[in-house]
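Below is one structure; the comments refer to it alone.
The values are calculated or read from the model by the stated rules, or taken from the named source; none is laboratory data. Just so it is clear, the model here is predicted, and its values are computed rather than measured. Note that each Cβ is placed from the backbone with ideal geometry, even for glycine, and that neighbours are counted across all protein chains shown. These accessible areas exclude ligands, DNA and RNA; they are computed on the full protein's heavy atoms, side chains included. Shrake-Rupley method; radii C 1.70, N 1.55, O 1.52, S 1.80 Å.
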Amino acid sequence: MPEAQLASKVDGSRLTVALGGAWTAETAGDMEPRVASLIAQGGSPQSVLLDFTAVQRLDTLGGTLVRGIEMAFGARGIPVQRAGLSQAAAAIYAEIADGLAEPAPPPAKPKPVIVQGLDKIGEQMVEAGRDLVALVSFFGEVVAAIGSIFTGVGRFRLAAVVNQLDHVAFRAVPIMALITFLIGGIIAQQGIFFFRDFGADTYVVDLVSILTLREIGVLIVSIMVAGRTGSAFTAEIGSMKMREEIDALRVMGLNPVEVLVLPRLMALVIGLPILTFIGNISAITGGAMVAQFYGQIPIDIFFTRMQEEVSQRHIWVGLIKAPFMALIIGLVACIEGMRVKGSAESLGQQTTASVVKAIFLVIVLDGLFAIFFASLGY
């Protein structure tokens with residue numbers, strides 16, 4: 001490709017600028033400082049002639065540089081003429097001149113803060129709707145995978161379920177027991193502190209027992225599982241997605257939902273009720289110990305009153321919620337893992353989204369169950 005050429009000479013009171021070679025994107029970087037030098041040192045002639053006779057190629061970037069010469073001298077009130085433009089170069093240069101002559105569009109006026117807030121809310125609502133549709137669609141894939149196992153097309157992977165159950169439930173027992181123990185103790189301490197003013201210390205037994213069995217036990221355990229296990233599921237599946245291992249499973253004729261998702265969902269559905277039961281026992285134990293040492297309510301009296309006042313329906317109300325919350329946590333965690341792209345940033349974003357969405361849906365589901373049981377008077 002010929003190089004671009006730029007030469008200038010003063011003929012009387014006219015400055016002639018001779019252009020040659022290829023004025024294209026490839027040569028623009030070299031010619032830009034020379035054009036700037038010409039504009040700075042061109043002085044103030046009475047007229048300027050741009051001679052395109054020796055120009056072999058001209059594109060928009062090269063023509064823009066030449067147009068810069070013309071506009072710089074024109075801004076000083078010096079007339080500029082053109083000569084030697086071929087038909088093709090003239091068409092390109094005319095387009096450049098028209099484009100640079102158009103005034104820049106005025107900046108858009110910023111929207112009022114209220115409108116911006118409403119826009120953001122609308123975008124979030126639309127995104128939430130898409131997430132809900134995706135969640136239902138993914139649940140359909142899970143149901144189809146379960147159906148393939150029952151029809152003999154798929155295969156039930158017991159070893160994978162047991163392995164996931166070990167990670168989801170058994171290894172989580174210490175932290176779940178500790179957290180629920182502390183929460184039970186805090187509820188008992190606060191209850192005794194306020195009930196004491198009314199001489200109703202023993203009602204702390206009802207508070208701790210019913211609140212733990214119906215709400216706090218399953219809710220705290222579910223939130224902990226969403227943060228501990230849900231994030232792990234998203235990170236594991238997301239890492240496999242980044243390394244194209246999920247695509248490899250499809251190439252091998254295996255269904256990723258059957259191989260990766262079903263064992264995790266089944267482990268959660270089995271493990272979360274177990275953790276909830278352990279969490280309930282731990283929270284009530286913590287409440288009983290605090291009642292013994294802080295409220296001077298003997299442990300035997302605590303459990304005797306609990307047996308008298310707390311019916312089995314409170315136990316079942318809490319345990320019935322656990323499998324549904326486990327299903328929500330597992331679905332959200334796995335679908336967010338499937339959404340991971342090819343970067344570590346995407347993995348971090350989807351893991352964060354998994355935990356936030358799972359906790360939000362768990363709380364919403366708990367509220368719906370509360371309304372449902374209240375309407376039944378249960």
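Using 7 Å Cα-to-Cβ label points, what is the Arg14/Leu132 separation (nm, one decimal)?
Inter-label distance under the simple model: 7.6 nm.
Accessible area per residue of the range 4-99 at 1.4 Å probe, in Å²? Don't jump to the answer; show the numbers that get you there.
Details: 4950 Å² over 96 residues.
Here the per-residue accessible area is 52 Å².
On average, how much accessible surface per residue is there in the range 236-378, in Å², for a 1.4 Å probe, leaving out ligands, DNA and RNA?
Details: 6880 Å² over 143 residues.
That works out to 48 Å² per residue.
Go ahead and estimate [θ] at 222 nm for the chain from helices alone: -39,500 (n - 2.57) per DSSP H run with n ≥ 4, summed, over the residue count, rounded to 500. Numbers along the way, then the final one.
Details: 14 runs with 260 residues, N = 378.
My calculation for the chain gives -23500 deg cm²/dmol from helical runs alone.
Could you look at the chain and say what percent of its accessible area is carbon and sulfur, using a 1.4 Å probe and all protein chains?
Working: 13230 of 20290 Å².
Using a 1.4 Å probe with all protein chains present, the chain comes out at 65 percent carbon and sulfur.
For Lys9, give me every one of the aspartates and glutamates with a C-alpha distance below 20 angstrom, ignoring sequence neighbours fewer than eight places off in its own chain.
Straight-line reach from Lys9, under 20 Å: Glu32, Asp51, Glu70.
What percent do you get for the relative contact order of the range 4-99 when only Cα pairs under 8 Å and 6+ apart count? Could the numbers behind the result be given before it?
Working: 157 pairs, mean separation 28.9, N = 96.
Dividing the mean separation by the residue count of the range 4-99 yields 30 percent.
Just to confirm a number: summing +1 for Lys and Arg and -1 for Asp and Glu over residues other than Ala22 whose beta-carbon lies under 9 angstrom from that of Ala22, what do you get?
Working: positive: Arg57; negative: Glu3, Glu26, Asp59.
It works out to a net charge of -2.
Which helices pass in the chain if a helix is a full DSSP H run, must span at least 27 angstrom along its long axis by Cα, and must have mean Kyte-Doolittle hydropathy not below -1.0?
On the way: long enough: 113-150 (55 Å, 1.05); 173-195 (32 Å, 1.96); 262-293 (46 Å, 1.50); 312-338 (40 Å, 1.28); 344-376 (48 Å, 1.42).
Both cut-offs are met by 113-150, 173-195, 262-293, 312-338, 344-376.
Calculate how many DSSP beta bridges within the range 4-99 are antiparallel, expressed in % of all such bridges and rounded to the nearest 5. If you can, show how the numbers build up before the last one.
Working: 7 of 20 bridges.
In the range 4-99, approximately 35 percent of DSSP beta bridges are antiparallel ones.
By a straight-distance test (C-alpha under 24 Å), which lysines pair with Lys241 as possible cross-link partners, with residues fewer than eight away in the same chain excluded?
Excluding near neighbours in sequence, the set is Lys341, Lys357.
Pull out the extension gain between Ser148 and Ile315, defined as 0.36 nm times the separation in residues minus the alpha carbon to alpha carbon distance; nm, one decimal. List each step's numbers first, then the result.
Working: separation 167, 0.36 × 167 = 60.12 nm, distance 3.48 nm.
Here the segment from Ser148 to Ile315 would lengthen by 56.6 nm.
Expressed as a whole number of Å, what is the distance separating the alpha-carbon centroids of the range 63-87 and the range 181-248?
The two parts, judged by their Cα centres, are 75 Å apart.
Which whole-number value in Å² is the accessible area per residue of the range 160-226, probe 1.4 Å?
Working: 3000 Å² over 67 residues.
Value returned for the range 160-226: 45 Å² of accessible area per residue.
With semi-axes √(5λ) of the Cα gyration tensor in Å in mind, check [x] 76, 28, 17; [y] 46, 24, 18; [z] 35, 24, 22 and report the label derived from this structure.
Looking at semi-axes √(5λ) of the Cα gyration tensor in Å for this model, the match is [x].
DSSP loop GluC sites (Glu not before Pro) in the range 1-97 with at most 15 other Cβ atoms within 10 Å of their Cβ, which ones?
Numbers: sites: Glu3, Glu26, Glu70, Glu95; in loops: Glu3.
Passing both the DSSP loop test and the Cβ count: Glu3.
So if R0 is 51 Å, what FRET efficiency would Phe156 and Thr64 give, r being the distance between their Cβ atoms, rounded to the nearest 0.05? The partial results should precede the final answer.
Working: r = 67 Å, r/R0 = 1.32.
Result of the calculation: an efficiency of 0.15.
Please sort by residue number the chymotrypsin sites (Phe, Trp or Tyr not before Pro) in the range 54-157 whose DSSP state is loop and whose Cβ has at most 15 other Cβ atoms within 10 Å.
Details: sites: Phe73, Tyr93, Phe138, Phe139, Phe150, Phe156; in loops: Phe156.
Within the range 54-157, the qualifying chymotrypsin sites (Phe, Trp or Tyr not before Pro) (loop, at most 15 other Cβ atoms within 10 Å) are Phe156.
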